[in-house]
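Have a look at the structure below, then the notes.
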Amino acid sequence: MGRGRPVFCLYAREAAAAAAGGSTMSAGDALHSVVEREVEMLGYELVRLDQASRGRRRVVRIFIDEPERGVTIDDCVRVTKALGLVLDASPVIDGPYTLEVSSPGIDRPLTRPEHYARFTGHGARIEYMDEAGTKRTVIGRLSGVSGGAVTIDVDGSDLTIPVESVHKANLHGETWEIGGKDERRRHRRDRGR
């Protein structure tokens, strides 16, 4: 299907233009843009991108999702290989870096309005700034999102929070069954053969 080199060259040129002053985009925004385009082109959603420093090495941590089926280790390997090639050819990261690609996990971050809509009815923990500028944290069940605000049911009362006031939001209190009792028993039996 030809997803290879022409795309990589396009990314390298765009990043080089941004690095050379051809854009008012910050280095962090340029990195996010390059990563998001590549991840979406591979058929995944970029949930979150974090950066940290470990000595002289930068750590780029990426969380991806595939809403219809979830993310497997093979998906993470595929994205890691593709992003590694793009980032190595791009000036958006200078110097040594470590790339980590992961699924969002059980406490999945909610970073976009569509995430709140997709997980309506699920438990969530939201940190936000209230109208007085005080940091608040609520835990409840997502009721929906509309007009740029998320609604969460906290102890039977709906609380509406403007999305731009949200500092951090994650799914909370979710339990996922990973293999039932019969499956674990079958695995132990097969391992003993």
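Just a few scattered comments:
- Unique residue being basic (K, R) and modelled with pLDDT under 90 when the list is R184, R118, R141, R136: R184
To keep it simple, each residue is scored yes or no on (1) closer than 19 Å to I64 by Cβ; (2) aliphatic (A, V, I, L, M).
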residue	(1), (2)
F119	yes, no
R125	no, no
M129	no, yes
R141	no, no
V150	no, yes
D155	no, no
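- Checklist (1) without any contact (Cβ under 8 Å) to a residue 12 or more places away in the chain; (2) assigned by TED's automatic domain parsing to the domain that holds D155 applied to A52, failing item: (2)
- Residues in the range 80-123 that are of a type outside the set (S, T, N, Q), over 30 Å from L142 (Cα atoms) and either part of a helix (DSSP H, G or I) or in contact with a Cys (Cβ under 7 Å, 6 or more places away or on another chain) (or both): K81, A82, L83, G84, L85, V86, L87, D88.
- P96 being in the same structural domain as I62 (by TED's automatic domain parsing), at pLDDT below 95, exposed (fewer than 12 other Cβ atoms within 10 Å of the Cβ) and not polar (S, T, N, Q): yes
- Candidates in the range 71-93 are the residues that are within 15 Å of the chain's Cα centre (by Cα) and over 23 Å from R54 (Cβ atoms); of these, the one that is surrounded by the fewest Cβ atoms within 10 Å (Cβ to Cβ) is T72.
- Selection within the range 27-56 - among the β-branched types (V, I, T) and either at pLDDT 95 or above or in a helix (DSSP H, G or I) (or both): V34, V35, V39
- Test: G22 is under 18 Å from D94 (Cα atoms), small (G, A, S), modelled with pLDDT under 90 and out of contact with any strand residue (DSSP E or B) (no Cβ under 9 Å at 6 or more places or on another chain): yes
- In the condition set (1) of a type outside the set (A, V, I, L, M); (2) assigned by TED's automatic domain parsing to the domain that holds T160; (3) surrounded by 11 or more Cβ atoms within 10 Å (Cβ to Cβ); (4) part of a loop (DSSP other than H, G, I, E, B), G133 is compliant with all but (3).
- Y97 under 17 Å from the mean Cα position of the chain (by Cα) and among the aromatic types (F, W, Y): no
The values are calculated or read from the model by the stated rules, or taken from the named source; none is laboratory data. Fair warning: this is a prediction, and the values are worked out from it, not measured in the lab. A quick note on method: Cβ atoms are made from the backbone with ideal geometry, for glycine too, and the neighbour counts reach across all protein chains shown.
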